[in-house]
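This report concerns only the one structure given below.
The values are calculated or read from the model by the stated rules, or taken from the named source; none is laboratory data. All of these numbers come straight from a predicted model, not from anything done at the bench. All Cβ positions, even for glycine, are placed from backbone atoms using ideal geometry, and neighbour counts span all protein chains on display. SASA here: full protein model, heavy atoms, side chains in, ligands and nucleic acids out. Shrake-Rupley method; radii C 1.70, N 1.55, O 1.52, S 1.80 Å.
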Amino acid sequence: MPDSADHSDPSGSLQWPLPQPLPADEAPLRLAVMASGEGSNFEALVEACAAGHLHGRVVVLAVNRERCGARIRAERLGIPCQVIDHRRQPSREALDQALIALFRGHRVDLVVMAGWMRIVTPVLIEAFPERLLNIHPSLLPSFRGADGVEQALAAGVTLAGCTAHLVTPQVDAGRILVQAAVPVLAEDDRERLHARIQRQEHRILPLAVRLAAERLAAGPGPPAQG
Ligand code: GAR
């Protein structure tokens, strides 16, 4: 039997050279999460907050599928969850407007797309400038768009991974915040490789949220050159 254990992170803890913790006297970050699927990244964020890796609180989850796993996790974790079914919205922009109304109602500081399988429009992006993050299962800029894991396998790369980045109108092209690489093993299929990538997603996403918050706290940098 091939060994399916992940040996890259024996402690299972965050091992990054973490930046200084946010000052304890600051209010915890109010986070919103958007999910369409299982919600394992959503739960990882909730756990990171509970464990003190992140000075924040997930105040609301938005899902676009009534029966997705993320919604069940929200129930178990006691996090408010709103279903906004994209099929009931007249346009992508209308879906984004509904999300904005939800997030503003919860006075959200940062929004995390954690397996949100809809393309967002400038309506949402401009409502949360530098405050909208995404997690993608590839080492960007390789394998943007749908099914990054399958694309990596098809390309025959020996290193795959995940990227947490800021969201811009161009899909999967915003500023990279954190990445993690995982080896592609000979016996990997899409499911096995994705599971190994997801373990790293759960580690880097809380760190990316911290970095995004620290960028905001630091204020705008010098104007871009050229
Ligand atoms: C994650 O692997 C995430 O990278 C991917 O969906 C999965 C959601 O898992 N996102 C994309 O492919 C976006 N292009 P989860 O629901 O268990 O967090």
Do you know which of the residues in segment 56-65 that are touching a Lys or Arg at 6+ places or on another chain (Cβ under 8 Å) and either more than 16 Å from the ligand (Cβ to nearest atom) or not in a loop (DSSP other than H, G, I, E, B) (or both) is nearest to Pro28 (Cα to Cα)? Gly56
State all residues of segment 77-102 that are in a helix (DSSP H, G or I), open to solvent by less than 50 Å² (accessible area, probe 1.4 Å) and free of Cβ contacts under 8 Å to residues at least 60 places away in the same chain; if no residue qualifies, say none. His86, Ala94, Leu95, Asp96, Ala98, Ile100
Might you let me know whether segment 121-130 holds any residue that is in a strand (DSSP E or B) and surrounded by fewer than 21 Cβ atoms within 10 Å (Cβ to Cβ)? no
Residue, least open to solvent (accessible area, probe 1.4 Å), within segment 110-120, restricted to residues that are assigned to a loop (DSSP other than H, G, I, E, B) and in contact with a Phe, Trp or Tyr (Cβ under 9 Å, 6 or more places away or on another chain): Ala114
I'd like to know if segment 164-184 contains one or more residues that are of a type in the set (D, E, K, R), open to solvent by 20 Å² or more (accessible area, probe 1.4 Å), more than 13 Å from the ligand (Cβ to nearest atom) and touching a residue at least 60 places away in the same chain (Cβ under 8 Å). no
In segment 150-180, how many are part of a strand (DSSP E or B) and in contact with a Ser or Thr (Cβ under 9 Å, 6 or more places away or on another chain)? 9
Report, by residue number, each residue of segment 100-117 that is within 16 Å of the ligand (Cβ to nearest atom) and either modelled with pLDDT under 95 or among the aliphatic types (A, V, I, L, M) (or both). Val111, Val112, Met113, Ala114, Met117
Would you please name the residue that is nearest to the ligand (Cβ to nearest atom), looking only at residues in segment 118-155 that are farther than 24 Å from Ala181 by Cβ and among the hydrophobic types (A, V, I, L, M, F, W, C)? Ile119
Please go through (1) in a helix (DSSP H, G or I); (2) buried (at least 20 other Cβ atoms within 10 Å of the Cβ) for Leu133 and return the number of the only condition it doesn't satisfy. (1)
Scope segment 36-55; condition in a loop (DSSP other than H, G, I, E, B) and within 11 Å of the ligand (Cβ to nearest atom); matching residues: Ser36, Gly37, Glu38, Gly39
Residue ID - most open to solvent (accessible area, probe 1.4 Å), chosen from residues in segment 185-203 that are of a type in the set (Asp, Glu) and within 14 Å of the ligand (Cβ to nearest atom): Glu191
Condition (residue is within 11 Å of the ligand (Cβ to nearest atom) and either within 17 Å of the chain's Cα centre (by Cα) or under 21 Å from Val60 (Cβ atoms) (or both)) applied to segment 77-99: is it met by at least one residue? no
